[in-house]
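Inspection log for the structure reproduced underneath, given as C-alpha cells.
The values are calculated or read from the model by the stated rules, or taken from the named source; none is laboratory data. Since we're looking at a predicted model, the values are computed, not measured. Heads up, the Cβs are rebuilt from the backbone with ideal geometry, glycines too, and the neighbour counts pull from every protein chain shown.
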Amino acid sequence: MLGSVQYAGGENEVDRIERVDNRNSEDITDINNSEKVHSLIQVLMGNDDGRTRADAAMSLGEIGDASAIEPLIKALNDKDDRVRVGAAVALGRICDAKTVNPLIEALNDSVSMVRQLAAFSLSRIGDPRAVNPLIEALDDE
C-alpha cells in the first residue's frame, strides 16, 4: 500500500514522492528563470525599441537574478530615459551592494524620474556609501 513504507526519519513513500517532485519543480523553475534572464538580457542589450528594453529591465528586476546586475548597470546609461528608469527600479529590487556606485551616479541623470528612482533604490539597498549623496540630492527639484 502506497504510503505505508517508512524511510529514514519517518518519511513515508507519499512524503518522499512529494519531496522529490517539489525538488524537481524547483530545478525546472531555476532552469526556466535562467533561460528567461538570458533572453531578457539579450532584449535589454540589443532591442531597438526603448519601451521593450525598459520592460525587459523591469522584468529582470522582478526575477531578481544577480546575473542581470551588470547589464542593468549598463542600462543606467541608455539613451532612452524609459530604460534608465526601468534599470534604476530593477537594481533597487535586486538590492546588491555592487549597484550602489552606479545608482549614486544616476542621481545626476538629466531626467528627474531617473534621479528619484535611483534615490529610492539606494534607500532600499541601505548602504552607508549612499547617505551623503542622498542628502545632497534632497536639494533636487
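Mind checking whether some residue in segment 35-57 is in a helix (DSSP H, G or I), in contact with a Leu (Cβ under 6 Å, 6 or more places away or on another chain) and surrounded by fewer than 20 Cβ atoms within 10 Å (Cβ to Cβ)?
no
With the requirement that a residue be of a type in the set (Asp, Glu), in a helix (DSSP H, G or I), in contact (Cβ under 8 Å) with a residue 12 or more places away in the chain and under 20 Å from Ser34 (Cα atoms), what does segment 62-82 give you? Give the derivation first.
Step one: filter segment 62-82 for residues of a type in the set (Asp, Glu), giving 62, 65, 70, 78, 80-81.
Still in the list and also in a helix (DSSP H, G or I): 62, 70, 81.
Right, trim to in contact (Cβ under 8 Å) with a residue 12 or more places away in the chain and you get 62, 81.
Across segment 62-82, the qualifying residue is only Glu62.
Pick from Ala68, Ala75, Ala87, Ala57: which is over 23 Å from Ser112 (Cβ atoms) and touching a helix residue (DSSP H, G or I) at 6+ places or on another chain (Cβ under 6 Å)?
Step by step, each of Ala68, Ala75, Ala87, Ala57 is checked, and only Ala68 is over 23 Å from Ser112 (Cβ atoms) and touching a helix residue (DSSP H, G or I) at 6+ places or on another chain (Cβ under 6 Å).
Tell me, yes or no, whether segment 16-29 has at least one residue that is at pLDDT 80 or above, assigned to a helix (DSSP H, G or I) and within 29 Å of Thr99 (Cβ to Cβ).
No, the conditions are met nowhere in segment 16-29.
Give me a count of the residues in segment 98-111 that are in a helix (DSSP H, G or I) and either over 13 Å from Gly86 (Cα atoms) or modelled with pLDDT under 95 (or both).
Looking only at that region, the number is 7.
In contact (Cβ under 8 Å) with a residue 12 or more places away in the chain and of a type outside the set (D, E, K, R): does that describe Ile135? Give the derivation first.
Numbers: in contact (Cβ under 8 Å) with a residue 12 or more places away in the chain: no; of a type outside the set (D, E, K, R): yes.
No.
Suppose we filter Val131, Val89, Val85, Val114 for residues that are exposed (fewer than 15 other Cβ atoms within 10 Å of the Cβ) and in a helix (DSSP H, G or I); which single one remains?
On inspection, the qualifying residue turns out to be Val131.
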